[in-house]
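Have a look at the structure below before the remarks.
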Amino acid sequence: SDAICNFVICNDSSLRSQPIIFNPDFFVEKLRHEKPEVFTELVVSNITRLIDLPGAELAQLMGEEDPKLPGANSTASGFFRSLMSLKRKEKGVVFGSPLTEEGIAQVSQLIEYLHKNLRAEGLFRVPGNSIRQQILKDALNSGTDIDLDSGEFHSNDVATLLKMFLGELPEPLLTHKHFHAHLKIADLTLFDEKGNKTSTPDKERQIEALQLLFLILPAPNRSLLKLLLDLLYQTAKKQDKNKMSAHNLALMFAPHILWPRNVTANDLQENITKLNNGVTFMIKHSQKLFKAPVYIRECARLHYLGSRAHTSKDDLDLLTSSGSKELQPLKSQKRSRLDSCHQEETQQRTEEALKELFRHVHNMPDSAKKKKLIRQFNKHPTALTPGSDVPTSPAPRRPRSRSFSGLIKRKVLGTPVILERKSRDTTPEPARVSKENVQLLQKCGSPAHMSPVKLKSLEGRKEESCRRMRALLLSKDSSSL
């Protein structure tokens with residue numbers, strides 16, 4: 001269901017050699033950009049199917065209310081936030097500014113460099129040189145090109161600067177309004193046979209919920225998050241060299257990408273473990289989190305194809321499992337009307353395909369394979385040849401198989417089989433007669449089929465035998481007297 005098309009026909013010969021980039025989420029992205037309200041409603045309705053969001057938290061996720069975050073009511077935190085907002089006004093283009101595509105383009109240089117230097121021990125944990133970091137930061141803010149491969153900067157300088165960039169964003173990379181949803185995703189666990197919650201995380205539901213939540217992130221946040229999680233995933237794969245596991249990396253980045261701004265560990269209290277474990281889960285499963293669920297792709301595709309769109313996975317499962325029983329009579333009537341046309345069109349296409357096949361075999365260069373194919377065709381003299389016309393069968397219409405292989409078998413072997421069946425069906429069944437009738441017919445034949453002369457002679461012989469019998473009886477009577 002997720003494949004839109006399998007090939008592209010291109011008439012421009014100069015472009016045929018270029019690789020074709022196929023995006024299975026094409027309709028999802030199209031719906032996101034063209035109809036954001038419809039897209040958000042579709043995604044959020046499925047998020048609430050997986051996690052329980054009360055009215056206030058749902059309104060915050062939809063952006064209808066300001067997020068209520070831990071420690072937001074304290075006077076100290078309010079003063080700290082106002083101080084940070086004043087500092088951000090003095091920042092440059094990249095650091096401390098709201099996330100933009102231009103800022104991502106600058107920071108992507110740091111990520112690209114780190115991909116080449118993942119073996120440094122203590123990467124993201126060991127701080128770099130503050131002077132080199134300031135030089136690099138000023139260069140990024142000014143938009144100048146940087147040659148990170150020149151050897152002037154160390155991988156620890158670049159890693160620390162990347163964390164600094166994320167920490168100075170006005171809000172975390174996963175945004176404030178998604179904070180409560182991430183806490184609920186961390187609580188998704190499996191159920192036992194009695195329906196009680198267990199302590200085992202439900203990984204499948206967590207992945208599905210994160211896929212949906214990432215779909216409604218702002219586009220710049222989603223782009224940078226994907227670049228960052230890919231980097232951390234590759235870093236954790238080389239933990240035997242850099243000594244940085246997924247959990248260690250989560251401890252370094254959770255305060256920058258998930259924790260609300262200007263809060264302390266005391267404000268979060270018991271939620272710190274959930275948040276850190278949530279980031280660890282994202283790093284480990286980062287290769288699955290940026291694909292839209294199959295039912296979202298299908299809904300987006302049906303939306304643009306003019307078909308009936310379904311707003312949840314349950315609707316699609318119900319449709320595919322049981323179907324619409326009310327529409328069965330209508331479907332059967334429609335199918336009966338289209339059967340005749342379908343059979344004729346299929347037969348015509350099959351005949352044309354067979355002709356083309358025979359012509360192709362006939363035009364093949366002489367080889368053992370060609371001779372073998374020709375011998376197979378010659379075994380059936382009624383099979384079509386490249387120059388022959390399609391024979392019209394006078395046999396009455398009978399039920400036919402709709403499969404393509406069945407049509408080919410009937411076309412190649414159809415006439416002998418039809419004639420054999422016809423001769424077998426039209427052979428009259430011999431009349432059943434008793435044993436006595438058979439013996440009688442063998443002795444004297446059937447009177448119904450005798451000529452008048454033969455019948456008269458038979459009657460005369462019968463009278464003669466009767467006279468002889470009377471004479472014999474009279475002679476016996478006289479002798480006894």
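All of the numbers you see were taken from the coordinates with simple rules; none came from a lab. Keep in mind that what you see is a predicted model, and the values were worked out from it rather than measured. As a convention, Cβ positions derive from the backbone with ideal geometry for all residues, glycine included, and neighbour counts pool all protein chains shown.
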Given the pairs Lys68/Lys237; Lys177/Lys284; Lys243/Lys288; Lys137/Lys291; Lys194/Lys291, which span a C-alpha to C-alpha distance of over 27 angstrom in this model?
-> Lys68/Lys237; Lys137/Lys291; Lys194/Lys291
Calculated on alpha-carbon atoms, Rg and Dmax of the stretch 162-308 in Å = 16.7, 54
Highest first, please rank the peptides 224-235, 103-114 by the mean number of other Cβ atoms sitting within 10 Å of their residues.
-> 224-235, 103-114
Taking amide H positions as placed 1.01 Å from N in the peptide plane, with prolines and chain starts having none, which residues 5 or more places from Leu190, or on another chain, fall under 5 Å of its amide H?
-> Thr198, Thr200, Asp202
Among 185-191, 246-252, the order from most to least packed when residues are scored by Cβ within 10 Å on average = 246-252, 185-191
Figure the gain on full extension for Lys116 and Asp145 (residue separation times 0.36 nm, minus the Cα-Cα span) and round it to one decimal in nm.
-> 8.6 nm
Rounded to whole Hz and in sequence order, give me ³J(HN,Hα) for the stretch 235-249 from the Karplus expression 6.51 cos²θ - 1.76 cosθ + 1.60, θ = phi - 60°, writing x for Gly and Pro.
-> 5, 5, 5, 10, 5, 5, 9, 8, 6, 10, 7, 4, 5, 4, 5
Length gained if Thr100 through Glu204 is fully extended, taking 0.36 nm per residue and subtracting the Cα-Cα distance, is 34.2 nm
Residue by residue through the stretch 131-145, which ³J(HN,Hα) values in whole Hz follow from phi under the Karplus form 6.51 cos²θ - 1.76 cosθ + 1.60 (θ = phi - 60°), with glycine and proline marked x?
-> 5, 5, 5, 5, 4, 5, 5, 5, 5, 5, 5, 7, x, 7, 6
Based on the Cβ-Cβ distance of Glu29 and Val361, what FRET efficiency does E = 1/(1 + (r/R0)^6) give at R0 = 51 Å, to the nearest 0.05?
-> 0.60
